[in-house]
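Everything below concerns the one structure shown next.
The values are calculated or read from the model by the stated rules, or taken from the named source; none is laboratory data. Fair warning: this is a prediction, and the values are worked out from it, not measured in the lab. Note that each Cβ is placed from the backbone with ideal geometry, even for glycine, and that neighbours are counted across all protein chains shown. Heavy atoms of the whole protein, side chains included, go into the accessibility calculation; ligands, DNA and RNA do not. Shrake-Rupley method; radii C 1.70, N 1.55, O 1.52, S 1.80 Å.
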Amino acid sequence: MSYTYNIYERTLHFRNPAGTSRGTYLTRHSWYVELEHGRCRGVGECAPLPDLSCDAMPHDDYEATLRGFCEEFCRTGVVPAGLADYPSMLFGLETALSQVARRGSLALFDTPFSRGEVGITINGLVWMGTFDEMYHRIEEKLKAGFRCVKLKIGAIDWQKEIELISFVRSCFGKEQIELRVDANGGFANDEAMKKLEQLSRFDIHSIEQPIRQKQWKEMGELCHHSPIPIALDEELIGVNSADRKAELLETIRPQYIVLKPSLHGGMSGCEQWVAMSRQMGIGSWITSALESNVGLNAVAQLTAKIYMDKEHQEGCGETAMMPQGLGTGQLFTDNIEVPLQIVGDKLWFREKSASLCTHAVRRASRSLYG
């Protein structure tokens, strides 16, 4: 029995501007692939980030490329090998296929999370802003029950950011709150070590991507000498073959890698990254990449498969319990309803409503994306 497909689009709007060292996002555009196989349907989100994703391209080119891959898949029944270099498209197709395999359920894999037995611990994300804005956002996260907070840094005055981190740490010790920071490659090479040393005074768990990507030698030196652990994020973008992944990990030897399926090889690519990093004693966690709830659910389901499923836990160690970056479902004013719920600092999947929400996603894909 063959597959058929449809593609829809939708633009989501942020509740508040999402500021990073690369600029500020006000909207988020996604394509949605709907696959039908017999009586089973699945929807996957393809959401490249402009100026960041390795497969970001002009609107019409992206859709034409995505349609070409979908047509090839429907003709052959095999995921095209060329999709490895188009991770956001691969992630969308893998999501739709996983939902079809589960007969339309949004519980994409059979895990304790998808069965509603356990929640996934997540970090609270605090976007860049003024000193007062960031402090207020931190307060909100703590009041909501988060015990791990990730700060986007690099957009306001550095001294102000240090003052903010110092004030937070003076109020809350490392036993009360775990602090992560993300520079998004915003540190200049000649000042990176000095800034890492300044941050080290505040019991920082880790820093993501302190300098720009594609500087393997320089990043390797930082990872070797840094007083706080370094996690790679943007560095992994566009590194899609197993040989190149091994070369990067061997050369840089980071303490952690941070994986986003839309950026880092889809579901299969992220699973490969985790397996390789575990063999080298490198930790990892998974985050969303500002997708709608369709993509966020798929990322959460994959996270549970990798870190909770017994068949995938060998060599996992404490990483399974680390807070993941999955708290982005409330960022948009016009998101799509799926059975995800944040309670305290945990993300839960409410299985009983999954089938109803599957229909909601399908209705949205037809009436809202088009």
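Tabulated data for the structure shown
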quantity: For the range 181-194, Karplus couplings with θ = phi - 60° (6.51, -1.76, 1.60), whole Hz, Gly/Pro x; calculated: 10, 9, 8, 6, x, x, 7, 6, 4, 6, 10, 4, 5, 4
quantity: The range 39-185 pair-distance distribution - Cα-Cα, 5 Å bins, rounded %; calculated: 2, 8, 13, 13, 11, 11, 13, 13, 9, 5, 2, 1, 0
quantity: Pairwise centroid distance, computed over Cα atoms, of the range 81-118 with the range 218-249, Å; calculated: 27 Å
quantity: Neighbour net charge for Ala96 - beta-carbon separation under 10 angstrom, K R +1, D E -1; calculated: -3
quantity: Extension gain, Ala84 back to Ile156 (0.36 nm per residue minus Cα-Cα distance, nm); calculated: 22.3 nm
quantity: Helix 87-101 vs. the chain, principal-axis angle (Cα, 0 to 90°, nearest 10); calculated: 50 degrees
quantity: Formal net charge of residues neighbouring Glu71 (Cβ-Cβ distance under 15 Å; K, R +1; D, E -1); calculated: -2
quantity: Chain lengthening between Phe167 and Arg201 when straightened (0.36 nm per residue, less Cα-Cα); calculated: 11.0 nm
quantity: Protein accessible area in the chain, 1.4 Å probe - carbon and sulfur %; calculated: 48 percent
quantity: Distance between the range 126-149 and the range 37-53 - C-alpha centres, whole angstrom; calculated: 31 Å
quantity: Gained length - Glu337 relative to Glu221, 0.36 nm times residue gap less alpha-carbon distance; calculated: 37.3 nm
quantity: 0 to 90° range, to nearest 10: angle between helix 354-367 axis and the chain longest Cα axis; calculated: 80 degrees
quantity: Burial ranking of peptide ranges 280-286, 122-128, 3-9, 173-179 (average Cβ count within 10 Å, highest at the top); calculated: 122-128, 280-286, 3-9, 173-179
quantity: Eligible lysines near Lys245 by straight Cα distance, threshold 19 Å, same-chain separation 8 or greater; calculated: Lys214, Lys217, Lys260
quantity: For the chain, alpha-carbon Rg relative to the globular expectation (2.2 N^0.38 Å, N residues); calculated: 0.96
quantity: Around Leu35: net Lys/Arg minus Asp/Glu count, Cβ-Cβ under 11 Å; calculated: -2
quantity: Sequence ranges 219-226, 75-82, 255-262, ranked by mean other-Cβ count within 10 angstrom, highest first; calculated: 255-262, 219-226, 75-82
